[in-house]
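Every number here is computed from the coordinates shown, using simple stated rules; none is lab data. Just so you know, these numbers come straight off a predicted model, no measurement behind them. Cβ sites come from the backbone with ideal geometry, for glycine too, and all protein chains shown count toward neighbours.
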Amino acid sequence: MSAAHPVVRLNGFTSESLDWKSWLQPLDIGQASALQLEVLDQSHAQARTSDYYRTLVHQPLMLRHRSTAYNAIMYAPGGLPRAERELGAMVVSVTNGCVYCTSVHAQRFMQLAKRSDTVEQVFADPAAAGTTAREQAIARFASAVTLRPQALSAADVAPLRAQGMSDAEIIDLLHAVAIFGWANRLMHNLGEPVASPAGSS
């Protein structure tokens, strides 16, 4: 990280750049079909060199659906601010113990919010994190969706509404939290985080 954003390391989590190694055989790009290459390029700018994407693209149509949903949830304009989507994703990833996803979304939060204090709090206790009442409401909601999705109620949404969040913002947060509940489990089942040879970003 830059001097403005020092690396945060706590409880086994880090804001350093990590790689992810697949336990399965990623697709050999030299053997990729035209459809597989097309879906990789639609998914992410570095997908052709990523173990994660080259593993998922063994099923290209499934990856296409996943990437379309992911990119819409995390990057669509309007609705919940990007930094708050990243906060939700980070809370879920810490709660689920996904070290790789946590590192990615900690970095993105720090880049967008231009501070690391909330990252330190999430690493320490995701359900209690937040430097503002709005961040605290987001963290509690993300934790609730992750830990007891079957028991969510209006009481879980009320703190978000109390912070002035619109229906569109709440739906954006719910989508970000839900897709990372899924993504964390996918990464846990298919591979593991490893140190990046490039070092910290």
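Please give the length that would be gained between Leu37 and Ser196 if that part of the chain were fully extended, namely 0.36 nm times their separation in residues minus their C-alpha to C-alpha distance (nm, one decimal).
Net length gain for the segment: 54.8 nm.
So how do Thr102, Thr55 line up by other beta-carbon neighbours within 10 Å, fewest first?
In order of increasing Cβ crowding within 10 Å: Thr55, Thr102.
Given H placed on each backbone N at 1.01 Å, which residues far from Gly191 in sequence or on other chains put an amide H within less than 5 Å of it?
Trp23
How would the range 80-191 be classified by its alpha-carbon gyration tensor: rounded, prolate or oblate, with rounded meaning a/c under 1.5 and the a/b versus b/c comparison settling the rest?
Verdict is oblate for the range 80-191.
Have a look at Ala34, Ala124, Ala176 and tell me which one the Gaussian network model of the chain (Cα, springs below 10 Å) gives the largest fluctuation.
Highest fluctuation among the options: Ala34.
For a quick check, take a GNM of the chain with Cα springs below 10 Å and name the residue from Asn96, Asn71, Asn11 with the largest mean-square fluctuation.
Result: Asn11 has the largest fluctuation of those listed.
What net charge do the residues around Arg134 carry, taking every other residue with its C-beta under 12 Å from that of Arg134, with Lys and Arg at +1 and Asp and Glu at -1?
Value of the local net charge: -1.
If a/c stays under 1.5 just call it rounded; otherwise compare a/b with b/c (prolate if a/b is bigger, oblate if not). Do that for the range 110-154, with a ≥ b ≥ c from the square roots of the Cα gyration tensor eigenvalues.
prolate
What does the charge dipole of the chain about its Cα centre add up to, to the nearest 20 debye, if the Cβ of each Lys and Arg holds +1 and the Cβ of each Asp and Glu holds -1?
With Lys and Arg at +1 and Asp and Glu at -1, about 80 debye.
Let me check I've understood the local charge: for Pro193, count other residues with C-beta under 15 angstrom from its C-beta, Lys and Arg +1, Asp and Glu -1. What total comes out?
-1
Once you've got the GNM for the chain with C-alpha springs shorter than 10 Å, pick whichever of Val94, Val119, Val57 has the biggest mean-square fluctuation.
Val57
For His65 and Gln111, what is the calculated FRET efficiency with R₀ set at 22 Å and r taken between the beta-carbons, to the nearest 0.05?
The formula returns an efficiency of 0.20 here.
Mean Kyte-Doolittle of at least 0.0 and a Cα length of 30 Å or more along the axis: which whole DSSP H helices of the chain meet both?
Those that pass (Cα extent of 30 Å or more, hydropathy at least 0.0) are 167-190.
When a/c is below 1.5 the answer is rounded, else prolate if a/b is larger than b/c, else oblate, so apply that to the chain with a ≥ b ≥ c taken from the square roots of the Cα gyration tensor eigenvalues.
Prolate, since a/c reaches 1.5 and a/b exceeds b/c.
Sequence-distant or interchain residues sharing an amide H contact under 5 Å with Thr14, placed H: which?
Ser103
Taking every pair of alpha-carbon atoms in the range 20-62, what share in percent sits in each 10 Å bin, from 0 to the bin with the longest distance?
Values per bin, smallest distances first: 33, 61, 5.
Through the Karplus equation 6.51 cos²θ - 1.76 cosθ + 1.60, θ set to phi - 60°, convert the phi angles of the range 9-19 into ³J(HN,Hα) values in whole Hz; use x for Gly and Pro.
Once rounded to whole Hz, the list reads 10, 6, 6, x, 10, 8, 9, 5, 5, 10, 9.
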